[in-house]
Structures are given as structure tokens and as C-alpha cells.
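Q: First, the structure itself, so that you have it in front of you.
The values are calculated or read from the model by the stated rules, or taken from the named source; none is laboratory data. Predicted model, so just to flag it, every value in this text is computed and none were measured. Cβ sites come from the backbone with ideal geometry, for glycine too, and all protein chains shown count toward neighbours. We work out accessible area using only protein heavy atoms, side chains counted, and drop any ligands, DNA or RNA first. Shrake-Rupley method; radii C 1.70, N 1.55, O 1.52, S 1.80 Å.
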Amino acid sequence: MAARVQLVAIIGAVILLFVVLEMVRRRRLMERYALLWLLCALVLVGLASWRSGLLHVSRVIGIIYPPNALFFIAFGFVLLLLLHFSTAVSRLSDQTKVLAQRLALLEERVSHAERRPAMGEEADEEFEPVASGHGRRFVSSD
Amino acid sequence: MSTEPSYLAVVPAYNESMTIARVLQALQERAPRFDVLVVDDGSTDDTAAVAERAGARVLKLPFNLGIGGAVQSGFVFARDHGYDFMSQVDGDGQHEPGELEKLVCAMGAPPWPDMVCGSRFLSDDFHYPTPVSRRTGIHVFATLLSWIVSARVSDPTSGFRLYNRRAIQLFARDYPHDYPEVEAVLMLHHHRLAMREIPVRMYARGGGVSSISNGKSAYYMVKVLLALLVGLARRRPVVDPGDRAPVAAEQGV
């Protein structure tokens, strides 16, 4: 592998490693999302600096020009990261949905309570059953 | 403590201020045993205010969740407030509240279904105006679902449905996102809950814009087909009533 390509690859990978670590240090990136990035950066630094290792890897996957193997592996990581983010986004949007629903339910509960001010026990009873998930009006329907 | 069964009508509404008052009035007149809950799905007009003036309880979602998320909050409300039966009545005036009694009757008769669905395509005077693109989609789903659940499902996209306590609890935990009615049929089937269709009258929309425009029909169809096929591949939960249903959102990771 040409020395210049190797140098560029090493510098790039080290910068990536440094940036990720720095972002974690400044709490801009949560550890759980940084792990995959760190793994990616470490593998790239390792393969970029360890010549015979990269040569071996490229021979195993059948790539003639070793730097291409580096790109290939980096691309694999990019795909993995994107998939990781897609799952994270799916989870977040699901959680946001639940939060929005809870917020709306609570708001309605509060405004309903405000509209009918303190009626002693009766009012209390109305608002108690929620935690259990079964209202007091439950009648077996099966 | 009352032993009379309680009924809740959930009216999902997104920018329906033109029609919502009429729907609520019709509900009051023709389905008086139903308490009414309007779910305002992040409307930018005064849908919520109109509904409140009409005397309904209103859930105001902080932003637009889509029909699935809106109706699901209705299920959660029904579950938390201990309603025995819940029905969905669209805020656009498509559904005729007077037909709710039919759903209630069908619910209380053999074969004791957990969900009764009002179908536009079973009635004799069949002249419900649907655009061709929608109708094609509906038929594709109807055929597919009928095949999967091995029973005739004529109108899988109808939202005019009555659910009992078991169905409410299932859907409060997990309800599909967009075009949810189709997938809901599959969920019922997988959870061994029974459904039944009865013929009802429906109207063309009274105003506002459908959540599914013509252009988006194809997109939704592909999406729901994907959901259906993935749903088939999922491990089928054989839950006893009262068991926990699997839900993505509540479990975090």
C-alpha cells in the first residue's frame, strides 16, 4: 500500500477516534451510541497502521488493492451505524408517541378535575383507579 | 357502584372544526348511552375548543400522531377509566352514530365477538362512494385478510367499530400506526379474539381532508402490506386474557 494512502488513512481514523472520544467527554454523545463509533475508529486505526494485517484481510475477502479493503470495511461500519440509528429513531418515535398520549391524558385529567372542583370523596374515587388499570366501573364483559 | 355497562365513543379528529360539532350532536341524540371523548390529533384549527363547547371530554395531543396514535390514546383512556365498551366514530361525519346501537346489539349476541366492525360493503343498498384507488386497496386487504384469518372480512379499513374490554386492553397496549384498522384485524386474530362484521350505512366525508389522500394510497398500501407480512412472520403470541401483550414502546431497549 502506498505510504501516502496509509498516512491519510491513519490520520483520518485517528481524528475520528479523537473526535468521538472528545464528544463523549463533553457529553455531546452518549456512551451507548459512542460504542459503535469507537469500535469503528479503533478497527480502522488498527488496519490502517498494521500493514500485513490489512494485506491478510484483503486477501481473505478477495480484494487486490488493500486500501480498498479499508474502504470496504469502513462502508460496512457506516451501514451498521445507519441501521443502529434507524432502530434508535424507531424506538424514540415510539416513546415520543407514548409520552404525547400520556401528556394528553394527564392534561385532560387535570382540566376535568379543575372544572369540577373538590367534591370530597366522590371526586377522589373518580381519579384513583388509574394506577391499577381497572376502573371502578369494571364489569366483566366476557 | 354501577353494574350497567359503560360505553365510550372515541372521536379522533384532525382539523375537523367544520364537522365535529355536528358529529357530537348526532352522538348525543342518537347514541345517548355513549360518553364521548374527542381526541384532537394536534389540530391547527379550533377543533378542540369546538368539541369542548359541545360538552365532550377532549384529549389534546401535543402534536399530530396520526390516526393510530390518536385512537390508541382513546383505548388507553377507556382502559384507565374502566369502560366496558369503546367505539370509534370518525370526526368527519362519515359514520352514522345511529348505527352504534346495531354494533352494541351484535356485541351482546352470539357468537359473542370481542370486536364488532361496521362494514360498508355488506349492506344491500351498496352505494358508498369510494374512489377507485381506495377501493382497489380495500379489496386487496380484504382478500388477504380473509385468507389469513380464514373468515370473510369485507371491510378491513372501516374504523367504525365497537370493542369490548379484552380488545380495549389489547389495543391500549399495542395499536398499529397508520391505516391501523387493517393490522388490528390481524392482531385480534393472533391474540385469539373474535371479530364480527355487520352491515352499516356510511356517508361520504362531511368536510376536511381524509388522512389518506389518493396520492398517498399506494404508499400506504405498500406499507400496510409490509406490516401484514411482517406480522405474519412474528411469533404469534397466544395470550390468555389479562396477559401482557408485547409492546415496543413501553419496554425501552
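Q: Return the average number of partner chain Cβ atoms within 10 angstrom of each residue Cβ along peptide B:56-63.
A: 5
Q: Moving to a separate point now. Let me know the shape class of segment B:64-189, please: from the alpha-carbon gyration tensor, a ≥ b ≥ c as square roots of the eigenvalues, rounded when a/c is under 1.5, otherwise prolate if a/b is greater than b/c, or oblate.
A: rounded
Q: Can you give me the distance in nm between label points at B:Y219 and A:L81, each placed 7 Å from the Cα along the Cα-to-Cβ direction?
A: In this crude label model, B:Y219 to A:L81 measures out at 2.8 nm.
Q: Given a 1.4 angstrom probe, what's the average accessible area per residue across segment B:7-238, in square angstrom?
A: 40 Å²
Q: Applying 1/(1 + (r/R0)^6) with R0 = 30 Å to the Cβ-Cβ distance of A:W50 and A:R25, what FRET efficiency is obtained, to the nearest 0.05?
A: 0.65
Q: Order the peptides B:44-50, B:87-93 from the highest to the lowest mean number of other Cβ atoms within 10 Å of their residues.
A: So the peptides B:44-50, B:87-93, ranked by packing, come out B:87-93, B:44-50.
Q: Taking Cα pairs under 8 Å and at least six residues apart, what relative contact order does segment A:3-129 come out at, in percent?
A: RCO, segment A:3-129: 19 percent.
Q: At q = 0.09, 0.16, 0.18 Å⁻¹, what log₁₀ I(q)/I(0) does a Debye calculation on the Cα points of segment B:7-238 give, no solvent, two decimals?
A: After summing over all Cα pairs, the log10 values are -0.33, -1.16, -1.53.
Q: Could you give log10 I(q)/I(0) at q = 0.09, 0.13, 0.21 Å⁻¹ for segment A:3-129, computed by the Debye formula over C-alpha point scatterers of equal weight, without solvent?
A: Treating every Cα as an identical point scatterer, log10 I(q)/I(0) equals -0.48, -0.69, -1.15.
Q: Could you tell me the calculated FRET efficiency between A:A34 and A:V110, based on Cβ-Cβ distance and R0 = 45 angstrom, to the nearest 0.05?
A: That gives a FRET efficiency of 0.70.
Q: Now for a different question. With the crude spin-label approximation of a point 7 Å out along Cα→Cβ, what separation in nm comes out for B:T44 versus A:V43?
A: Spacing of the two 7 Å Cα→Cβ label points: 4.5 nm.
Q: Still on this structure, I have one more. Using only protein heavy atoms and a 1.4 angstrom probe, determine the accessible area buried between A and B, summed over both sides, in Å² to the nearest 100.
A: Summing both chains' loss of accessible area gives about 2800 Å².
Q: Loop only per DSSP, at most 16 neighbouring Cβ atoms within 10 Å: give me the chymotrypsin sites (Phe, Trp or Tyr not before Pro) in segment B:29-78, ordered by residue number.
A: B:F63
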